[in-house]
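FYI, it's all coordinate maths here, none of it is from the lab. Please read all numbers here as calculations on a predicted model, not as lab measurements. Glycine gets a Cβ as well: all are built from the backbone with ideal geometry, and neighbour counts include every protein chain shown.
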Ligand SMILES: [Cu+2]
């Protein structure tokens, strides 16, 4: 069972309903619900309060609530957590209710919401409800609008969810440390009329980034530019779940950016429109078609499209360094460098050294399986497709569109079976190629290259 309750309630697996809460005697504080896995959880179907179309949090979940005299009550616990970033790598992060990012909070426009925040961190914290219209004293800016929440203490936030839309939450106390450690989550305020902005699938996730040296578990928190793990909801490809859609589904994907740089998010095989920002829904007359939309720091974008093209379509950040994992960030460019004899010299200094990169980095994907990696890290690019290595890591996943998908299912339908004759193909060998019109690039002699043999200790490339 993925959900653990620190109290004693039974859980039904499909819908985590809060109806089990005793109706006769409500405890002063709602129970703590937490989770210890990074799998995408099924939709949290509302069993109390007003109806809405729930969202799917990529590699995440939505927080159950209880109704108390008409108020929706949630309990967030800020605490150290362990997050699997992909099979083979665990990070020691800070988060909420057992995971980082924290659970998605889903409410309905006009709901009265009360959030209990318990601090189990070793330092003070607060929660800022990014984008919300609320009383100033509920805005969660430590020192400015409230005293900081001391370790061991619980604070209560209460306000009306006035505006439908997409929001985030994160600390406004020692932010540099706490956000670099993974303290963030999504908040969805559903429209009060469920027919408004209705879609078939509604996915949410945050863009985040970490600087975790190969062989270590805890992020460096003072990094500003040289992050080495670029993540969707604190997961890297191939650890990121696919977006699964039935052919013809209207799909919304809501993305929030809490990294320190912008991310041009790109979808293959479909055009989309940006239908929402942190400020609300975009009027229909103001939308235009795109296949990439840039998401700046602190911004949210909701994109919508009809998933009408069956296939396995890439969905990724278009900054190529952001689709690479930690091992790629210290590798020198060796294209065209003749490395004959180099491996032999290097292996005297570095046991198991293998020369690589002479023809580019794609071979790294195949070597990943043979090469010894430091403890607790991931190959720089990885992921196997049905036709070979995908050469991707980081902020990369797939949109999988099929004719037969059970509504709202997140189950991976496997590789796409391309119709016969619809795949790029190799030219027959007996056809003569036309002559080259210019000289090919000359090879660089190895003696003119200076090798940087310093240990690859956090000397990342620029991003
Ligand atoms: Cu990016």
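The label-point distance for residue 177 and residue 225, in a model that sets each label 7 Å from Cα toward Cβ, rounds to 2.6 nm. Expressed as a whole number of Å, what is the distance separating the alpha-carbon centroids of segment 133-174 and segment 391-406? So the separation of the two Cα centres works out to 35 Å. Here the translational diffusion coefficient of segment 182-234 follows from Stokes-Einstein with Rh set to the Kirkwood radius across Cα pairs; for 10 °C and 1.306 mPa s it amounts to 114 µm²/s.
Exposure proxy for 50, 301, 402: other Cβ atoms within 10 Å of each Cβ, ordered fewest to most, give 50, 402, 301. Under the definition of Cα pairs under 8 Å and six or more residues apart, what whole-number percent is the relative contact order of segment 115-237? Rounded, it is 21 percent for segment 115-237.
Summary of the geometry: segment 267-310 and segment 107-127, compared by the centres of their Cα atoms, lie 29 Å apart. Distance between the modelled labels on residue 417 and residue 90, one decimal in nanometres: 4.0 nm (7 Å Cα→Cβ projection). With N as its number of residues, segment 190-283 has a Cα radius of gyration that, divided by 2.2 N^0.38 Å, comes to 1.33. For segment 209-283, the relative contact order is 20 percent, taking Cα pairs closer than 8 Å that sit 6 or more residues apart in sequence and dividing their mean separation by the residue count.
Here 71, 113 are placed in order of increasing Cβ neighbour count within 10 Å, fewest first, which gives 71, 113. Its Cα gyration tensor gives segment 134-240 an equivalent ellipsoid, and the semi-axes of that ellipsoid, as √(5λ) in whole Å with the largest first, are 29, 24, 10.
Remark: 284, 246, 319 ranked as 284, 319, 246, counting other beta-carbon atoms within 10 Å and listing the fewest first. Taking 7 Å steps out from each Cα toward its Cβ at residue 436 and residue 309 produces label points 3.4 nm apart.
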